[in-house]
Amino acid sequence: MTVLDFEQAIKNILRDDKSGKNPIPDPLRFSFLSLSEKNVIDKLKNEITKKYKPAPLLEIDVPKPNFTIRPMGRPILEDWILYQAIVDYLAKKIATKVSKYSYSIKRFTRSKNEKNPWIEFDAFNRKCYAEGFKYVVVSDITGYFEHIEIEMLKNKLLNYCKDDNYKNLVNFLCNNLLSHWSSKLVKGFGLPQGPVASSFLGDVYLDMVDKEMSNSRTRKYFRFMDDIRIFCKKEIEGRKALVDLIKILRKWNLSINAKKTKIISKEKIENELFDPKKTQLEAVQKAFDSRNENQILAIIPILVDDIFEKSFEKENLFSKTHLNFSTFRLKILKTSGFEFDEAKVVGLIKNNFSNKPHVSRDFCDFLNFFKEEKTLDFYYNFLRNDSNIYDWQELYVLRGVLELNLKPTKRVLNFFKKNFENKEKHWALRSLYCLLVGKYGDNKDRELLKDSFNSIETLDLKESIILSLQELGVGSRNKFYSDAKREIPKLSNFIDYVKNLKKPMYFRKYDQVSLERVSLIENNELSI
């Protein structure tokens, strides 16, 4: 297993965490890993055996734009590093061999100078339409990640390469990691939906589907993950293609999402598949790429009034794309010192906060620029509101409260304590309530947190209790840390990190993205 690059795997995880691809972010953004990275890597190298058994996934339901939820999860950090390192190795070996009809696989093969794969996907859609393919089958797969059969995935992976290291890693991946994480409902099925590593494995799983569907000359088949497009010149060819797709997917225990499957024709293709704001989005992107102040100033009204504001209109079929595109760039304007109608942006966010739970991360990131009591009041009122029904959204609100660094009232603090004590709450939410009590409570409150430590089963929640006691009385705190290290040795490095902090820290924020710091195309996956 020495072929694995654990250092690069850690960099990839930290990058993905920073860009929002971690369904349950760590309060310290995994910064404690800096103290123990070598030990963690050495431990992984020593423990990778046939007997290796990972911890259960950390799971949470994430809201979708239509108010449904999808199950998301990630491994604990050590298991995640191992998972990422193995998939990184496999991707280097076989990514170029996987179907050319998948645009999402290009995320693992492209160079820095190549276009974002989603832009290429969109461009090919337009090219097919321009070439006279006036009918298109649009479909995706029901429960895509959940229905991937691990044994079939293993056989597919083994077919690509006969190298011994490669084969050993495929067997280890499937037998020792994925099989333990597989669906609780159907054993032997499912990938952890969250880590980017799972996206690569999903692409591999659909490779044979791609190859079978691309055999016909009468259609153009391609996809981005499970977003499938089949362009045809006649409607009857589209119907035949859909029947073929359904039958081929059955071979791999997959099925189409009937509600999201349709055949679109002629002008409807332009209205439903092609973003009408493409010209405006390109103009905004060009101005940001130029780093020219005058060009950026000129497109601000387009960004605020024509893209961001109109992304909230119900009839906007591209609302999600426009919201992600605009909020990312509005944050850059704010950090880079550009003036725009902040009151309008904040007002739209607050008025639509409950209606757009899937954009909570971006909304909270922007609101946290305004470190004032009315922002804290908005968060607190939301937490107490009937609209607070998604754990994932509540998670980002609580992170926002932590980041604001504003002392709550006694009533609000009692609300935090009550929710920490609520065992029906998701453990990740209890972790954040715990940190808020530790940060803003008194020693009496912290003693209550300390006393709950032994009854907590989740290791990550135990870490939050450790972090919450930084300002407990020195004697009581040090005794607690000593006892915890003795009882749970795997927490020793984390406790040492917390003890060595120069000042209390309950939340670690990434540096804000600005024009000077980042290339937009490289760091913002969502494109035009």
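How many of the residues making up segment 95-104 are at pLDDT 90 or above and farther than 16 Å from A123 by Cα? If you could, list the steps in order and put the result at the bottom.
First, pick out the residues of segment 95-104 that are at pLDDT 90 or above: 95-98, 101-104.
Cutting the leftovers down to farther than 16 Å from A123 by Cα gives us 95-98.
Looking only at that region, the number is 4.
Picking from L35, L57, which residue would you name as being open to solvent by 70 Å² or more (accessible area, probe 1.4 Å) and touching a residue at least 40 places away in the same chain (Cβ under 8 Å)?
Result of the check over L35, L57: L35.
Any residue that is touching a residue at least 12 places away in the same chain (Cβ under 8 Å), within 13 Å of G202 (Cα to Cα), touching a strand residue (DSSP E or B) at 6+ places or on another chain (Cβ under 9 Å) and assigned to a helix (DSSP H, G or I) - is there at least one of those in segment 148-162?
yes
Which one of these does K167 not meet: (1) open to solvent by less than 60 Å² (accessible area, probe 1.4 Å); (2) in a helix (DSSP H, G or I)?
All conditions are met except number (1).
Taking R508 and the conditions (1) over 31 Å from the mean Cα position of the chain (by Cα); (2) at pLDDT below 95, which numbered condition does it fall short on, given that it satisfies the others?
(1)
Any chance segment 381-401 includes a residue that's farther than 27 Å from E59 by Cβ, in contact (Cβ under 8 Å) with a residue 24 or more places away in the chain and touching a Phe, Trp or Tyr at 6+ places or on another chain (Cβ under 8 Å)? Lay out the reasoning, then the answer.
Going residue by residue through segment 381-401, those that are farther than 27 Å from E59 by Cβ are 381.
Those left that are additionally in contact (Cβ under 8 Å) with a residue 24 or more places away in the chain: none.
Looking for residues that are farther than 27 Å from E59 by Cβ, in contact (Cβ under 8 Å) with a residue 24 or more places away in the chain and touching a Phe, Trp or Tyr at 6+ places or on another chain (Cβ under 8 Å), one finds none in segment 381-401, hence no.
If you scan segment 298-316, which residues turn out to be in a helix (DSSP H, G or I) and surrounded by fewer than 19 Cβ atoms within 10 Å (Cβ to Cβ)? Steps first, answer last, please.
To start, the set of residues in segment 298-316 that are in a helix (DSSP H, G or I) comprises 298-312.
Listed by number, the residues that qualify are A298, I300, P301, I302, D305, D306, E309, K310, F312.
If you go through segment 12-26 one residue at a time, do you hit one that is aliphatic (A, V, I, L, M), farther than 14 Å from L82 by Cα, touching a helix residue (DSSP H, G or I) at 6+ places or on another chain (Cβ under 7 Å) and outside any helix (DSSP H, G or I)?
Checking segment 12-26: at least one residue is aliphatic (A, V, I, L, M), farther than 14 Å from L82 by Cα, touching a helix residue (DSSP H, G or I) at 6+ places or on another chain (Cβ under 7 Å) and outside any helix (DSSP H, G or I).
Are any residues in segment 192-237 closer than 15 Å to G132 by Cα, hydroxyl-bearing (S, T, Y) and open to solvent by 30 Å² or more (accessible area, probe 1.4 Å), and if so, which ones?
Correct list: T218 only.
Filter segment 101-124 down to residues that are surrounded by fewer than 20 Cβ atoms within 10 Å (Cβ to Cβ) and of a type in the set (V, I, T), then give me how many there are.
Going through segment 101-124 one residue at a time, the tally reaches 2.
Return the pairs, sorted by first residue and then second, in which the second residue is among the acidic types (D, E) and part of a loop (DSSP other than H, G, I, E, B), the first residue lies in segment 204-218 and is within 20 Å of V170 (Cβ to Cβ), the beta carbons are less than 8 Å apart, and the residues are 6+ apart or on different chains.
That search, which allows pairs on different chains as well, returns L206/D226.
So that you can scan it fast, the table gives a plain yes or no per residue for (1) surrounded by 17 or more Cβ atoms within 10 Å (Cβ to Cβ); (2) under 30 Å from E59 (Cβ atoms); (3) under 32 Å from the mean Cα position of the chain (by Cα); (4) modelled with pLDDT of 95 or more:
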residue	(1), (2), (3), (4)
F453	yes, yes, yes, yes
L459	no, yes, yes, no
I465	yes, yes, yes, yes
L469	yes, yes, yes, yes
G475	no, no, no, no
K499	no, no, yes, no
K503	no, no, yes, no
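Looking at K251, is it within 28 Å of D207 (Cβ to Cβ) and surrounded by fewer than 12 Cβ atoms within 10 Å (Cβ to Cβ)? Reasoning before the result, please.
Working: within 28 Å of D207 (Cβ to Cβ): yes; surrounded by fewer than 12 Cβ atoms within 10 Å (Cβ to Cβ): yes.
Criteria met by K251.
Scan segment 489-505 for residues that are farther than 11 Å from E463 by Cα and either assigned to a loop (DSSP other than H, G, I, E, B) or among the hydrophobic types (A, V, I, L, M, F, W, C) (or both) and report the count.
6
Is it true that some residue in segment 43-54 is modelled with pLDDT under 95, part of a helix (DSSP H, G or I), surrounded by 15 or more Cβ atoms within 10 Å (Cβ to Cβ) and among the acidic types (D, E)?
no
Kindly list the number of the only condition in (1) in a helix (DSSP H, G or I); (2) open to solvent by less than 70 Å² (accessible area, probe 1.4 Å) that fails for Q295.
(2)
Would you mind finding the one in N388, N355 that is in contact with a helix residue (DSSP H, G or I) (Cβ under 6 Å, 6 or more places away or on another chain), on the phi < 0 side of the Ramachandran plot, assigned to a loop (DSSP other than H, G, I, E, B) and among the polar types (S, T, N, Q)?
Details: N355 fails: in contact with a helix residue (DSSP H, G or I) (Cβ under 6 Å, 6 or more places away or on another chain).
Only one candidate qualifies: N388.
Of the conditions (1) assigned to a helix (DSSP H, G or I); (2) surrounded by 19 or more Cβ atoms within 10 Å (Cβ to Cβ); (3) in contact with a strand residue (DSSP E or B) (Cβ under 9 Å, 6 or more places away or on another chain), K240 satisfies every one except a single condition; which number is it?
Going through the list (1) assigned to a helix (DSSP H, G or I); (2) surrounded by 19 or more Cβ atoms within 10 Å (Cβ to Cβ); (3) in contact with a strand residue (DSSP E or B) (Cβ under 9 Å, 6 or more places away or on another chain), K240 breaks only (2).
Could you tell me whether segment 400-412 includes any residue that is part of a loop (DSSP other than H, G, I, E, B) and among the hydrophobic types (A, V, I, L, M, F, W, C)?
Start the filter on segment 400-412 by keeping residues that are part of a loop (DSSP other than H, G, I, E, B), which leaves 405-409.
Right, trim to among the hydrophobic types (A, V, I, L, M, F, W, C) and you get 406.
Within segment 400-412 (the criterion being part of a loop (DSSP other than H, G, I, E, B) and among the hydrophobic types (A, V, I, L, M, F, W, C)), the answer is yes, since at least one residue qualifies.
The values are calculated or read from the model by the stated rules, or taken from the named source; none is laboratory data. Quick caveat: nothing in here was measured; it's all calculated off a predicted structure. Note: ideal-geometry Cβ built from the backbone for every residue, glycine included; neighbour counts use all protein chains shown. Ligands, DNA and RNA are stripped out before the accessible areas are found, and what is left, the full protein with its side chains, is counted by its heavy atoms. Shrake-Rupley method; radii C 1.70, N 1.55, O 1.52, S 1.80 Å.
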